[in-house]
Amino acid sequence: MPRFSVIVTAYKVHAYLQDCLESVRTQTCDDLELIVVDDGSPDACGEIVDECAARDPRVVPVRLTAHAGAGPARNAGLARATGDYVIFLDGRDTLVPGALQALSDRLKETDSPDVLVHDHAASHPTGGTVRTACVATLSEEAAPDALTFLLRATDKAYRREFVEGLGLTFPPGGFSDVAWTYPVLMTAASIVTLDQVCAVERQLPLHARPSAHPSAHLDVFDAYDRVFAFLTGRPEEARWRPVVHRRMLDHLALLAATARPRAAFFRRARAAHLRHRAPGTTAGHPLLRHGAHRTYAVLRAARALRARVRRTTTAVRRAVRAVALRLHYAVQRRLPLRADRAAFATYGPGGDPAAIERKVRELAPGIRTSWLTDPGSFAYWTALARSAYLTSNTLFDARLVKRPGQTLLQTHRGTPLGSVGLDLADRPAVPADLPRLLRDAARWDYTLSANRHATLTHEKAYPSAATTLEYGHPRHDTLHAPADVPALRESLGIPEGFTTVLYAPAHRDHRRAQTPSLDLERLARSLGPRHVVLTRVAPAAPHPRIMDVSGHPSAEVLCLVSDALITDHAPLMFDYAHLDRPIVLLHADRQVFDAVRGTTMDLRAFPPGAVARTEDELIDIFTTGHWRGSRSTQLRTAFRARFCPYADAGAAERVVRRVFLTRSS
């Protein structure tokens, strides 16, 4: 008897079914049977299932002779299930890596509950995944709360003996999840939660979604009739009737805006309200209770008209403000420059501009500083027009008219390893705004550089008459200044005495979604229980010793708290080298990176430490201690000598004295 029976229903999903099945077959917890129901699909779903079953004896194919719908297809899979717990997936869904192991651990520690509820996520067609974090707000003792939002069958694991004892099945038609989920949650003796995404639902663009029959919304009434019939047959559950009635009216109110045919929907909503209400129940939308679909339509049209008027008014207001801002900027440019004003802009938080701004306030208190953050404000355009100093690590505003006497300082964002600027002109990763980049470079007075390599690369990639200040990067000053590292580690939740490894791969221009190219869970297991992995790319699944720091605002803080760095082509290695701590490179896809973006140098000639070509080699480097051995130390020393000539805390002061104090004095 397997621990899990994973039931997958497949109908017209052959483009996605392989991913679904592989996500189950490759789970670290392999105590499972995978029951795949071909719901009379006219495409290649049946062939994919047969091929998968031929390779894996855990796969149980079930084929229906005609399309029956998701409910009957799940029933067919349930009839074949033998596992302790049953999990349902649709053919476009996937399990996240480690999901079954996390479910198994939770079931074990909670003494085999009837139902385990977990979170799921929606994968959008344009990229990105959004978690529906409902479990975190659900009290396991408050089942009525569960009935408020947990109406899907695919975000739970069900004890098979429990659902078989209920004699529960899925009905045909739409909203079969409603008719299944309410009885399950109302009668379960124990419901526990797992605050973790275990399944991902692939959402399709609207034009690609299967078309439902014209009166599909009316199926919701049959589903609720089945729920109330279930309650009628179980008098001991009568306390649930007012709860379900309120939830039904809330659900119908959500559907009312798109329901067709609307008149029939409202008539049936009123009939359902009268048929199922408990004495004294008045909850829900009054128009639904009374079946007033024409009044509802009028009110909805009035709301739409008000919204349209608000949008038009807002658009006019924005246009007037835009004209006013342009006029304001033109007037400000005719007023004298303020030699005691400096404005700063930055890509993301912190960086070199922030370090310079702090040093300006310290060394030149007579210069007033400001930040360029809101192009829709008059203060923004005043600062842009009248500040004598403008500093940025990204593009300056394209509408900036550089005035005589204004000084523009471009700090860049670090030592470039991947190609930038003009060097990208014949690469797939060429930026769409390359002409604007070159126009921007023509306005620079100074650019910052940390070493000779960066100087030569930037001057070639961004032709400009600007003076290069090879002073080091001011943001590196914090890496050389005294810091309370234990307090920083504690603020991130890193246990005392643990070795911390920072994983920071380069951005992949050829990928819309940035995912780890390294199995972080395997790495954490290999490193051992006294290690923590910090990752700058969101992990596929939560893990107690993998900390997602992709949203942390300070790369410098992450460098300070870590004992070693794993990267591939990320410029962060040049920053991290200032700490003289181990760096390990993983060059598993070097050829792809070279083809898409290209590099400014062959890093294999002078790497900052040990280099791995595969994940296996990387793990071997750590398990054998090579990551901090003598050879790695020699490589790092040579790398630091070449790329970290200003390994001190004085870069910001050098910049301020050269750019701000020279002229102001």
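Data overview
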| quantity | calculated |
| --- | --- |
| Failed item in (1) surrounded by fewer than 16 Cβ atoms within 10 Å (Cβ to Cβ); (2) basic (Lys, Arg); (3) under 37 Å from the mean Cα position of the chain (by Cα), with residue 334 passing the rest | (3) |
| Residue within the stretch 351-360 that is among the acidic types (Asp, Glu) and either under 30 Å from residue 550 (Cβ atoms) or within 34 Å of the chain's Cα centre (by Cα) (or both) present | yes |
| Helices (runs of 4 or more DSSP H) (entirely within the stretch 451-514) containing at least 2 residues that are of a type in the set (Ser, Thr, Tyr) | 452-461 |
| Any pair with Cβ under 6 angstrom, 6 or more apart, that starts in the stretch 539-556 at a residue that is aliphatic (A, V, I, L, M) and ends at one that is in a helix (DSSP H, G or I) | 546/520; 546/524; 549/558 |
| Contacts under 9 angstrom Cβ, first residue in the stretch 430-449 being of a type in the set (S, T, N, Q), partner surrounded by 17 or more Cβ atoms within 10 Å (Cβ to Cβ) and part of a helix (DSSP H, G or I), 6 or more apart | 447/441; 447/455; 447/458; 449/455; 449/457; 449/458 |
| Number of the condition not met by residue 638 [criteria: (1) more than 30 Å from residue 367 (Cβ to Cβ); (2) at pLDDT 95 or above; (3) surrounded by 15 or more Cβ atoms within 10 Å (Cβ to Cβ)] | (3) |
| In the stretch 16-35, residue nearest to residue 202 (Cα to Cα) [restricted to those that are surrounded by fewer than 24 Cβ atoms within 10 Å (Cβ to Cβ) and in contact with a Ser or Thr (Cβ under 7 Å, 6 or more places away or on another chain)] | 19 |
| Given (1) over 28 Å from the mean Cα position of the chain (by Cα); (2) more than 24 Å from residue 575 (Cα to Cα), index of the condition residue 484 fails | (2) |
| Verdict on residue 181 being under 36 Å from the mean Cα position of the chain (by Cα), in a helix (DSSP H, G or I) and among the polar types (S, T, N, Q) | yes |
| Criterion (modelled with pLDDT of 90 or more, of a type outside the set (Asp, Glu), buried (at least 21 other Cβ atoms within 10 Å of the Cβ) and part of a loop (DSSP other than H, G, I, E, B)) met by exactly one of 157, 153 | 153 |
| Lone qualifier among 617, 653 - being more than 27 Å from residue 410 (Cβ to Cβ) and part of a helix (DSSP H, G or I) | 617 |
| Cβ pairs under 6 Å, 6+ apart, first in the stretch 209-220 and surrounded by 10 or more Cβ atoms within 10 Å (Cβ to Cβ), second outside any helix (DSSP H, G or I) | 216/174; 217/259; 219/173; 219/174; 219/175; 220/175 |
| Residue 96 vs. criteria touching a residue at least 60 places away in the same chain (Cβ under 8 Å) and more than 27 Å from the chain's Cα centre (by Cα) | no |
| Where residue 219 falls short, out of the listed (1) at pLDDT 90 or above; (2) among the charged types (D, E, K, R); (3) in a loop (DSSP other than H, G, I, E, B) | (3) |
| Test result for residue 500, surrounded by fewer than 18 Cβ atoms within 10 Å (Cβ to Cβ), at pLDDT 90 or above, in contact with a Ser or Thr (Cβ under 9 Å, 6 or more places away or on another chain) and among the β-branched types (Val, Ile, Thr) | no |
| Flag if residue 9 is modelled with pLDDT under 95 and either of a type outside the set (Gly, Ala, Ser) or touching a Cys at 6+ places or on another chain (Cβ under 6 Å) (or both) | no |
| Condition met for residue 231 (modelled with pLDDT of 85 or more and buried (at least 19 other Cβ atoms within 10 Å of the Cβ)) | yes |
| Of the criteria (1) part of a loop (DSSP other than H, G, I, E, B); (2) modelled with pLDDT under 95; (3) of a type outside the set (A, V, I, L, M), which one residue 40 fails | (2) |
| Filtered residues of the stretch 113-139 (kept if in a loop (DSSP other than H, G, I, E, B) and either of a type in the set (D, E, K, R) or at pLDDT 80 or above (or both)) | 113, 114 |
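The values are calculated or read from the model by the stated rules, or taken from the named source; none is laboratory data. None of these values were measured; they are calculated from a predicted model. Don't worry about glycine lacking a Cβ; one is built from the backbone with ideal geometry, like all the others, and counts go over all protein chains shown.
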